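Coordinate-derived values only; no laboratory data. Please read these numbers as outputs of a predicted model, since none were measured by experiment. Using ideal geometry, Cβ is built from the backbone for each residue, glycine included, and neighbour counts are taken over all protein chains shown.
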């Protein structure tokens, strides 16, 4: 009985520590600011799992890649933009006012994030290019060059002259998704 009480106490203490870390991490955020910080936290955790896998530092697991890509997709696109009503800059928000000054660009990046996350989920079975498990990306891009951020080059099917992300190596799609995250953070997030 004493051992069970000690174990239960340790579990409760651990739960309280996690809960207090969550409150501390969000700095007392409430409402829509907390909702979007929670969503960003889910995406951040997914990236923490995916990054070492894409770098070959841990064993590649297509099921995990698919699941984590879906986590990101569920928090991207319209699910993301709806959490940014105009003027929602209450502390501890890390959003810059530029979001609402260039809503079209912000919304496009949110949509690109969803498209690349969906593409990563679809490409999860393709494995890693760096591991030699798939064909080179160049052939799948239809010979098209340029930056994906310059226009909507993603998600279209064959014959459209655009990339079919589902046919690319997973690490190639992951890199594209990371570029979307980075571009959005650089432009629209206050860095600590």
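Extension gain for residue 51-residue 130 works out to 27.1 nm (0.36 nm per residue, less the C-alpha to C-alpha distance). Sorting the segments 39-49, 111-121, 83-93, 64-74 by their residues' average number of neighbouring beta-carbon atoms within 10 angstrom, most packed first, yields 111-121, 64-74, 39-49, 83-93.
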